[in-house]
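The structure under discussion appears below in the form of structure tokens.
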Amino acid sequence: MAAISETLFKGVRVKRLDDEGNSVPVYKVPVEVQLEYDPKGMLVKISEESEQKEFIVCKGSEFARVGRKGIIFKLSTETLLLTFVSDEDSNQFSDSVMKIKEDKSNSVFSERTEESSASQYFQFYGYLSQQQNMMQDFIRTSTYQKAILDNPIDFSGKVILDVGAGSGILSFFAQQSGAKRVYAVEASSIAVHAAKLVAANKVDDVIKVLSGKIEEIQLPEQVDVIISEPMGYMLLNERMLETFLHAKKFLKPGGKMFPSRGDLHVAPFTDEALYMEQFNKVNFWYQEYFHGVNLSSLRNSAMTEYFRQPIVDTFDINICTAKTQRHIIDFQTAHETDLHRIEIPLEFHMLQSGTVHGLAFWFDVAFIGSNATVWLSTAPTQPLTHWYQVRCLLSQPIFAKQGQLLTGRVLMVANAKQSYDLTIECKIEGTNTVSTNTLDLKNPYFRYTGVTPAPPPGNTHTSPSEDYWAQMDLAGARQAVNLVNGVIVDGLGHVSLDSGPPSHAHQQPNIHQGSIPATGRRDKANSSSPAPPSSSATSLPFNQLIGGAVSPSLLNSTSSSQPLNFATSHSQAQAYPVIGDYALIANNLRHMS
């Protein structure tokens with residue numbers, strides 16, 4: 001289907017026709033009618049305060065010319081007569097409608113996608129709120145910017161194609177890196193907002209926003225680099241990767257794909273609580289007297305449905321009972337048809353004994369540039385992104401011992417709902433133990449609550465209570481003091497006299513409600529000084545004991561006061577890794593065992 005350019009018609013008179021053909025003006029004055037691209041065809045918008053109207057013109061729309069300047073549209077709820085100012089406007093509008101009506105082409109996208117799914121998909125990404133959700137994913141957005149800016153050789157003076165541009169943020173990054181020209185292609189209505197951003201930032205000489213599907217539009221030239229953010233959860237959901245690969249028809253020989261490759265990681269996991277949570281949902285359907293209705297005939301169907309849902313959330317890496325297996329997709333060489341059916345053979349050497357409840361999935365993508373390679377990871381060991389991780393439960397958990405070989409497969413078959421039908425199979429080699437499940441990737445259970453996931457139980461091999469007090473000793477528990485009649489008594493029962501003021505100055509920290517004023521001695525040489533002694537209730541060591549924790553104000557202090565771990569070495573804590581500086585993701589998984 002040919003893309004429709006945005007067009008504005010002024011001075012249009014709009015009338016409503018009744019069943020008898022009588023006309024009544026909808027607006028008292030002539031209005032502006034705007035044409036915009038829509039994934040289904042063409043969107044007609046009448047923006048008037050008294051009554052706003054919009055409708056979509058597609059192949060099945062009913063319309064007719066009336067005289068030289070009029071066009072009638074029969075809509076589902078009413079019939080409208082649009083009368084234009086000139087023959088030229090009327091002919092231009094009619095030609096746009098006829099392009100939609102007479103278009104006989106079926107793009108690759110329309111052939112592989114249900115119309116209802118595509119409509120829902122483009123409507124979803126047409127909302128600014130959804131674009132904001134993705135843009136506010138700091139890991140995602142910052143990594144993309146770093147990958148582009150760290151490879152100026154690949155972008156400076158080059159022609160770039162941004163596939164599924166959305167708000168156009170990646171196009172802006174390419175422009176910042178010195179791109180000569182950027183074609184930002186977007187099929188949803190967000191393209192209108194992207195064009196406004198481009199104009200408002202005065203970069204419309206570089207960034208050209210094109211409304212339409214990449215499978216249907218034409219570019220005036222070949223491009224040097226294709227950029228996109230085509231990953232869905234579990235890497236492949238939404239089938240946007242196929243569109244990304246399809247865009248290579250516009251790529252010059254030797255051109256680059258950003259991202260360049262995707263790694264899908266798979267590992268068996270154990271999580272009894274998650275399994276029972278899904279299992280117990282079925283209890284509702286065991287009721288035999290629910291408002292006088294017996295629901296029990298549906299419990300098996302409910303069980304099947306709940307276990308067909310992939311679970312989208314995050315988890316502690318230690319629930320994985322074997323090293324991940326990796327399925328690599330090289331975006332430089334892969335063809336879109338390679339993603340229609342993906343089969344991943346599995347072979348895991350169990351690192352610990354336990355119940356295997358299912359398979360966990362996450363992905364990493366690499367931006368392989370001429371200057372630098374930058375990784376974006378959604379691993380549970382890395383900062384959380386809006387992709388989270390995905391877990392697929394087996395219908396029946398299986399028990400595996402340390403050292404045993406767990407084999408099986410993951411089969412992903414693309415469907416017309418822009419997703420995949422997923423089959424997982426696990427087997428203990430040398431036994432008859434096999435478990436499978438079939439899942440619908442289009443219907444996930446979003447379980448993330450914002451709470452940091454706890455490590456799996458049973459992995460504590462020393463006394464937590466003793467560990468805690470040992471840490472307190474190392475962190476200064478020996479210097480934490482109470483004041484007893486002017487004598488300092490530490491947490492171990494040792495007694496010493498207060499030898500004077502502390503050798504370091506520190507700010508007055510927060511006092512826990514209910515604490516009493518200090519009565520300790522002050523420095524004789526500075527008896528007028530209001531500073532409390534080290535043994536007072538306002539001293540740093542004392543406040544470490546209040547409530548069994550450290551006052552938040554102390555953690556936030558930037559003064560030159562003595563650090564909280566003043567009983568230990570003053571070595572600097574390791575700095576947090578810079579976003580995008582993921583060198584070898586495998587190194588981050590070394591603690592899996």
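The values are calculated or read from the model by the stated rules, or taken from the named source; none is laboratory data. All figures in this text were calculated on a predicted structure; none of them were measured in a lab. Every residue, glycine as well, gets a Cβ built from its backbone with ideal geometry; the counts of neighbours run over all protein chains shown. With ligands, DNA and RNA removed, areas are computed over all heavy atoms of the protein, side chains included. Shrake-Rupley method; radii C 1.70, N 1.55, O 1.52, S 1.80 Å.
Going through 343, 288, 305 one at a time, which residue ends up being of a type in the set (Asp, Glu), farther than 19 Å from residue 382 by Cα, open to solvent by 10 Å² or more (accessible area, probe 1.4 Å) and in a strand (DSSP E or B)?
343
Considering (1) surrounded by fewer than 20 Cβ atoms within 10 Å (Cβ to Cβ); (2) more than 24 Å from residue 173 (Cβ to Cβ); (3) at pLDDT 95 or above, say which one residue 310 fails and leave the rest.
(1)
Tell me which residues, restricted to the stretch 173-214, are hydroxyl-bearing (Ser, Thr, Tyr) and closer than 15 Å to residue 131 by Cα. Spell out the reasoning first.
Residues of the stretch 173-214 that are hydroxyl-bearing (Ser, Thr, Tyr), as a first pass: 177, 183, 188-189, 211.
Matches in the stretch 173-214: 188, 189.
For the stretch 184-209, what are the residues that are surrounded by fewer than 23 Cβ atoms within 10 Å (Cβ to Cβ) and part of a strand (DSSP E or B)?
208
Across the stretch 31-61, what is the total count of residues that are in a loop (DSSP other than H, G, I, E, B) and in contact (Cβ under 8 Å) with a residue 40 or more places away in the chain?
Start the filter on the stretch 31-61 by keeping residues that are in a loop (DSSP other than H, G, I, E, B), which leaves 39-40, 47-52, 58-61.
So of that shortlist, the ones also in contact (Cβ under 8 Å) with a residue 40 or more places away in the chain come out as 39-40, 58-59, 61.
Of the residues in that region, 5 qualify.
Within the stretch 259-272, is there a residue that is open to solvent by less than 10 Å² (accessible area, probe 1.4 Å) and more than 23 Å from residue 359 (Cα to Cα)?
Kept after step one, since they are open to solvent by less than 10 Å² (accessible area, probe 1.4 Å), are these residues of the stretch 259-272: 259-260, 262-264, 266-269.
Next, only the ones that are more than 23 Å from residue 359 (Cα to Cα) stay: 259-260.
Yes, there is a match, as at least one residue in the stretch 259-272 is open to solvent by less than 10 Å² (accessible area, probe 1.4 Å) and more than 23 Å from residue 359 (Cα to Cα).
Output yes when any residue across the stretch 260-268 is at negative phi and touching a Cys at 6+ places or on another chain (Cβ under 9 Å), and no when none is.
So the first thing to find is which residues in the stretch 260-268 are at negative phi, and the list is 260-268.
Okay, now just the ones that are also touching a Cys at 6+ places or on another chain (Cβ under 9 Å), so 267-268.
Yes, that holds for at least one residue.
Restricting to helices (runs of 4 or more DSSP H) lying wholly in the stretch 62-161: which have 2 or more residues that are in contact with a strand residue (DSSP E or B) (Cβ under 6 Å, 6 or more places away or on another chain), at pLDDT 90 or above and surrounded by 13 or more Cβ atoms within 10 Å (Cβ to Cβ)? Outline the logic, then answer.
Working: elements: 87-102, 108-112, 115-125, 128-135, 138-149, 152-155.
Because the criterion is at least 2 residues that are in contact with a strand residue (DSSP E or B) (Cβ under 6 Å, 6 or more places away or on another chain), at pLDDT 90 or above and surrounded by 13 or more Cβ atoms within 10 Å (Cβ to Cβ), the helices (runs of 4 or more DSSP H) in the stretch 62-161 that meet it are 138-149.
With the checklist (1) open to solvent by 10 Å² or more (accessible area, probe 1.4 Å); (2) farther than 19 Å from residue 197 by Cβ in hand, flag the one item residue 176 doesn't pass.
(2)
If residue 51 satisfies every condition in (1) surrounded by 14 or more Cβ atoms within 10 Å (Cβ to Cβ); (2) within 26 Å of residue 188 (Cα to Cα) but one, which is the exception?
With respect to (1) surrounded by 14 or more Cβ atoms within 10 Å (Cβ to Cβ); (2) within 26 Å of residue 188 (Cα to Cα), residue 51 is out only on (1).
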